[in-house]
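What follows is one structure encoded as C-alpha cells, with my remarks underneath.
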Ligand SMILES: [Fe+2]
Ligand SMILES: [Fe+2]
C-alpha cells in the first residue's frame, strides 16, 4: 500500500500500513473504546444521533482530499493520516542541520519529543470539551455543522498524536495516550496542561474568537513541528495543517459576520455612535465595544500559550532539530543562529522596550511575533466590513503585554496601548478593556438556537456561501 491510499476497511482508517503491524494495531484498537467513551461523554452534547454534513479526508493529496456527506458523529471515520514523505528531506535546523531526517526517535531526544507531542495532543480533546455545550445554542444549522466539523477534526488530531505515542514511545507512550483521555478541561484535579484550554467557551462569540486566535496558535505550533527533523511528526503535522485552515476560516468568517450584522443594523437605524451601547443592543446585535473586549481577552489568553519570551527549552528543541521556526525552510540564514540576536520586548527601568537577546533563547517570542503578524490580516478585513457600512470604529489588537499571565509581562499591568500601570489602575479600568458581567448577560440573552434551514440569528449575518458549494439554506444538520 502506498501513502496516497487510505485503508478504510479497518476499524481505524489509516495510510500508515497499520494492517501490517499487528502489535500496533492491537494497541490502538485497545485505545479505541476509551476514545469513543470520551467522545460520547465529553463530545458535542445532545447531537450524537444527528446526521451532520461533514467532510472526511479520503486522501492526503492537496487536491480533492475530502468528501462530504451525512454522518452521525460517533460513526465519523477518525483516522491516522500522514502527509506524503518528502524525498531526501534533511533536518532543517540546529546541530544536525543537513543530515537525513530521522525515521525513528533519536534516543537522546526521546524525552523532549515525547513532551512536545503530549502537549500538542492535550490541546486537541481539550477544545472539544470546551465547546461541547455550543450545539444547542447554535445561531444556524450552517454554524452548527461548522462547530461539529471542527470538533471531529480535533478528535482526529488527538488520534494523530496518539498514533505517534503508541508507535514510537513504547510503554510510556501508551500511558501518555491514556492520560490524554483522563485529563479534562477545567477540571480541578486533572486539568488540561495549558491555561487557555481550561477556560470556558460559553457562547458563540467566544467560539469564533477561540477559533480565530487560539486555533491560530495551534497552526503556529503545528507549523513549527512540521519542520521537525523527526519525520513522522513532520508528516503528521503537515496533514493536520490542511484541516486547521478550516478552523481559522470558521473563526474569521464568524466574527466578520457578527460585525457585519452589527454595522448593518446600526446603519439601517441611523445609529452613528458605536458607544451608544444601549441603543445598539436593542437591535438584537452585539455592540462593537463588547467585540473589542472579547478580542482583548482571547488574544491575550492565546499569547500566553507561546510560553516565556526567553526559553532554554525552545533553544534546546531547535538545536536538536526537533522543532523549527515558522517557515524554517523558507528563511534565508544559517538555521543555527549561534551568534545571532533577536529583539524581545521587556520591562527595562519601568518601561517596555525591545532588547536584543540571543536568538536561540528568543524563539518563543519570535513564533509569537509571527503569530501576531498572522492575526492582523483578518482584523483588517473585519474593519473594512465595519467601514463599508459607514460606521466609524476599528477593532485593534491590544499591546502584547496587556493582560498577560505568563513570561515577562506576567507580574506587571499594562494598558491596551502599552502603558505600564499599577494593579489598582488596571482594576479601575478593567471593565473598559475586558468582558464584563454585563457583556456576558447580553451575549447569553442572544444565544437562542436557530434551527430552521437558511435562517440565522439576528446577531450574525448569513455567510456569503455555503459549505462544499451547497446553498446557505441547505440542511447541514438533520436533527433526530
Ligand atoms: Fe487541532
Ligand atoms: Fe483546530
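Considering (1) surrounded by 14 or more Cβ atoms within 10 Å (Cβ to Cβ); (2) away from ligand 2 (no atom under 16 Å from the Cβ); (3) free of Cβ contacts under 8 Å to residues at least 12 places away in the same chain, the lone condition that residue 107 does not fulfil carries the number (1).
For the structure I just gave you, tell me whether residue 196 is within 17 Å of residue 288 (Cα to Cα) and either in a helix (DSSP H, G or I) or out of contact with any helix residue (DSSP H, G or I) (no Cβ under 7 Å at 6 or more places or on another chain) (or both). The answer is no for residue 196. Looking across segment 290-313, the residues that are more than 30 Å from residue 259 (Cα to Cα) and surrounded by fewer than 24 Cβ atoms within 10 Å (Cβ to Cβ) come down to 307, 308, 310, 311, 312, 313. Is there a residue being closer than 24 Å to residue 128 by Cβ, assigned to a loop (DSSP other than H, G, I, E, B) and out of contact with any strand residue (DSSP E or B) (no Cβ under 8 Å at 6 or more places or on another chain) anywhere in segment 49-66? Taking every residue of segment 49-66 in turn, at least one turns out to be closer than 24 Å to residue 128 by Cβ, assigned to a loop (DSSP other than H, G, I, E, B) and out of contact with any strand residue (DSSP E or B) (no Cβ under 8 Å at 6 or more places or on another chain). For segment 245-258, a residue qualifies if it is more than 12 Å from ligand 1 (Cβ to nearest atom), more than 12 Å from residue 386 (Cβ to Cβ) and in contact with a helix residue (DSSP H, G or I) (Cβ under 6 Å, 6 or more places away or on another chain), and the qualifying residues are 250, 251, 252, 254. Exactly one residue among 98, 46 is in contact with a strand residue (DSSP E or B) (Cβ under 9 Å, 6 or more places away or on another chain) and in a loop (DSSP other than H, G, I, E, B), and that residue is 98.
Restricted to segment 151-196, and to residues that are modelled with pLDDT under 95 and within 16 Å of ligand 2 (Cβ to nearest atom), which residue is surrounded by the fewest Cβ atoms within 10 Å (Cβ to Cβ)? Checking each candidate, the answer is 194. Somewhere in segment 79-88, is a residue part of a helix (DSSP H, G or I), in contact (Cβ under 8 Å) with a residue 60 or more places away in the chain and on the phi < 0 side of the Ramachandran plot? Within segment 79-88, not a single residue is part of a helix (DSSP H, G or I), in contact (Cβ under 8 Å) with a residue 60 or more places away in the chain and on the phi < 0 side of the Ramachandran plot.
Taken over segment 227-239, the criterion of being part of a helix (DSSP H, G or I) and either more than 15 Å from ligand 2 (Cβ to nearest atom) or surrounded by fewer than 22 Cβ atoms within 10 Å (Cβ to Cβ) (or both) is satisfied by 231, 232, 233, 234, 235, 238.
Residues that are over 21 Å from residue 129 (Cα atoms) and touching a residue at least 60 places away in the same chain (Cβ under 8 Å) within segment 164-184 comprise 164, 166, 167, 168, 169, 174, listed in sequence order. Scanning segment 145-180 for residues that are under 30 Å from residue 53 (Cβ atoms) and away from ligand 1 (no atom under 16 Å from the Cβ) yields one hit, 145.
Screening the candidates 224, 261, 242 for the property of being modelled with pLDDT of 95 or more, out of contact with any helix residue (DSSP H, G or I) (no Cβ under 9 Å at 6 or more places or on another chain) and in a helix (DSSP H, G or I) yields one hit, 261. For residue 398, the criteria (1) without any contact (Cβ under 8 Å) to a residue 24 or more places away in the chain; (2) under 27 Å from the mean Cα position of the chain (by Cα) hold in every case but one, which is (1). Residues that are more than 13 Å from ligand 1 (Cβ to nearest atom) and under 14 Å from the mean Cα position of the chain (by Cα) within segment 195-223 comprise 195, 196, 198, 199, 201, 206, 207, 208, 209, 212, 213, listed in sequence order.
Residues in segment 110-144 that are crowded, with 21+ Cβ neighbours inside 10 Å, part of a helix (DSSP H, G or I) and more than 16 Å from ligand 1 (Cβ to nearest atom): 113, 135, 141, 142, 143, 144. Just one residue in the set 7, 51 is closer than 23 Å to residue 70 by Cβ, without any contact (Cβ under 8 Å) to a residue 40 or more places away in the chain and buried (at least 16 other Cβ atoms within 10 Å of the Cβ); that residue is 7.
Within segment 252-270, the set of residues being surrounded by fewer than 23 Cβ atoms within 10 Å (Cβ to Cβ), over 31 Å from the mean Cα position of the chain (by Cα) and in contact (Cβ under 8 Å) with a residue 60 or more places away in the chain comprises 267 only.
The values are calculated or read from the model by the stated rules, or taken from the named source; none is laboratory data. Owing to the predicted nature of the structure, the values given are computational and were not obtained by experimental measurement. Every residue, glycine among them, receives a Cβ derived from its backbone with ideal geometry; neighbour counts consider all protein chains shown.
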